[in-house]
Amino acid sequence: MFHLLEAQQFTKKNLRELFDLSSRLETILAQGGDECLKGKILASLYFTPSLRTRFSFEAAMLRLGGSILSTEAADIFSSELKGRFEDTIQVVSEISDVIVLRHYESGFAKRAATVSCVPIINAGDGPAQHPTQALLDLYTIDRHLGGVDGCSIAMVGDLSGRTVRSLCYFLAKFHGISISFISPDLTEVKDDIKEYLRRNKVRFTEITNPKDGLVDLVKEVDVVHITQLSKEYFADHLEDYKKIIHNYALSAKALRAMKRSAVIMHPLPRADELPDESDSDPRAIYFRQNRYGLYVRMAILCTVLSCYPRLL
């Protein structure tokens, strides 16, 4: 039984197979789809709210003919309130074929996998990892740049979260990667990720508190991966937040400075870190990035359930 719990479990070969399947599923969907998951049930078990990930997985299941059991308030279950998380997982796994799990604490996806009798897919476990979001980010890079090897990427904003962590684990599997981490001190990438990148010989630089914005920092990169910088990190320093927030926004001037072949990515939701004109810029692919998530998650479901479209 295959659980999808963290980025480290993948090899480059696994990723290539998953991306090839994602591409073929996009074609199949455009041709009318397939019902290879008919009779299968996905349990959406979310202990914290989700919109994009939850809808993406549920749409993926429905597009392949499967059914869903859904909740976004799993923490009201009596067994969870009494501290019996494993009981909840065992009960749900007995009546479903795959569980997509989001939890507010790190490590709970692995805990679920130890007791579940069906595959567990980690849809975000606290600040630790969000492997399926990072997979669709990586697929987006692969698709638009024609590969990941040799990619230079600027990661901007909140770099302490699970999406950036998982993406860094994936990027470390490729050759010639160069990363610029651009963030305030409060949201810089964690030390364990930096150590992991060093061990895997990934070149990276850190820029904290740039005083002149992003213009000179995004000129030569292939990818600008920008994330929302939440006010919650600056609860005790709101004046500081107001002073620095523009330094982590992709201004119109920075947009003009970027290479014509570069792409702009954002996991969404966004605030003021993107200029209004970016939506009409052909390099801005964040909405397509979200759509690609459907194909990647369709491929994930086919893989963990070992059920594939007849048209393949």
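All of the numbers you see were taken from the coordinates with simple rules; none came from a lab. These numbers come from a predicted model, not from an experiment. All Cβ positions, glycine included, derive from the backbone under ideal geometry; neighbour counts span all protein chains shown.
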Original post:
Could you list, bin by bin from short to long, the percent of Cα-Cα pairs of the chain in 10 Å steps?
Top reply: 6, 27, 33, 24, 10, 1
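Which percent, nearest 5, of DSSP beta bridges in the stretch 131-289 are antiparallel? Display every interim value, and only then the final one.
Working: 0 of 19 bridges.
In the stretch 131-289, approximately 0 percent of DSSP beta bridges are antiparallel ones.
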Original post:
Using a Gaussian network model of the chain with C-alpha springs under 10 Å, which one of 271, 60, 128 is most mobile by mean-square fluctuation?
Top reply: 271
**OP:** Hey, can you grab everything whose amide H is under 5 Å from the amide H of residue 263? Only 5+ residues off in sequence or another chain; H modelled, so Pro and N-termini drop out.
**Re:** 223, 224
Subject >> Ellipsoid semi-axes in whole angstrom, largest first, where each is sqrt(5λ) of the Cα gyration tensor of the stretch 131-289 >> reply: 22, 19, 14
Original post:
Counting only complete DSSP H runs, which helices of the chain cover 20 Å or more along their long axis at the Cα atoms and score a mean Kyte-Doolittle of -1.0 or above?
Top reply: 12-30, 131-145, 286-305
Original post:
Distance in nm between label sites at residue 291 and residue 91, each 7 Å beyond Cα in the beta-carbon direction?
Top reply: 4.1 nm
Original post:
Taking Cα centroids, how far is the stretch 245-312 from the stretch 102-138 in Å?
Top reply: 21 Å
Subject >> Length-normalised contact order for the stretch 110-172 - Cα pairs under 8 Å, 6+ apart - percent >> reply: 39 percent
Original post:
Arranged from highest to lowest average of other beta-carbon atoms within 10 Å per residue, in what order do the peptides 145-157, 296-308 appear?
Top reply: 296-308, 145-157
Original post:
Hey, rough spin-label estimate for residue 230 and residue 198, points 7 angstrom out along Cα→Cβ, what's it come to in nanometres?
Top reply: 2.9 nm
Original post:
Taking springs between alpha-carbon atoms closer than 10 angstrom, which of 20, 158, 276 fluctuates most in the Gaussian network model of the chain?
Top reply: 276
Original post:
Based on Cβ point charges of +1 for Lys and Arg and -1 for Asp and Glu, what charge dipole magnitude is obtained for the chain about its Cα centre, in debye rounded to the nearest 20?
Top reply: 900 debye
Original post:
Among 12/201; 173/194; 201/253; 13/173; 211/243, which pairs are too far apart, with a Cα-Cα distance over 22 Å?
Top reply: 201/253
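Relative contact order of the chain, please, whole-number percent, based on alpha carbon pairs below 8 angstrom and at least 6 residues apart.
On the way: 585 pairs, mean separation 62.2, N = 312.
After rounding, I find 20 percent.
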**OP:** Could you point to the residue in 289, 114, 33 farthest towards the positive end of the chain's charge dipole, with +1 and -1 charges on the Cβ of Lys/Arg and Asp/Glu respectively?
**Re:** 33
**OP:** Hey, can you grab everything whose amide H is under 5 Å from the amide H of residue 69? Only 5+ residues off in sequence or another chain; H modelled, so Pro and N-termini drop out.
**Re:** 42, 43, 44
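Report the full-extension gain for the segment residue 51 to residue 205: residue separation times 0.36 nm, less the Cα-Cα distance, to one decimal in nm.
Values: separation 154, 0.36 × 154 = 55.44 nm, distance 3.28 nm.
Full-extension gain reported as 52.2 nm.
Quick check on packing: order 46-55, 116-125 by the mean number of other C-beta atoms within 10 Å, highest mean leading. Write out the running numbers ahead of the final one.
Details: 46-55: 16.6, 116-125: 23.5.
Put in order of decreasing packing, that is 116-125, 46-55.
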**OP:** For the stretch 170-221, restrict the atom set to alpha-carbon positions and state the Rg and Dmax in Å.
**Re:** 11.9, 33
Original post:
If you average the sequence gap of Cα pairs under 8 Å that are 6 or more apart and divide by the length of the stretch 137-276, what percent do you get for the contact order?
Top reply: 27 percent
Subject >> Test item: Cα-centred dipole of the stretch 12-161, Lys/Arg +1 and Asp/Glu -1 on Cβ, debye >> reply: 160 debye
Original post:
All other residues with a Cβ under 9 Å from the Cβ of residue 183 taken together, and with Lys, Arg as +1 and Asp, Glu as -1, what is their net charge?
Top reply: -4
**OP:** Work from the charge dipole of the stretch 131-289 (Cβ charges, +1 for Lys and Arg, -1 for Asp and Glu, about the Cα centre) and give the residue of 171, 278, 207 farthest towards its positive end.
**Re:** 171
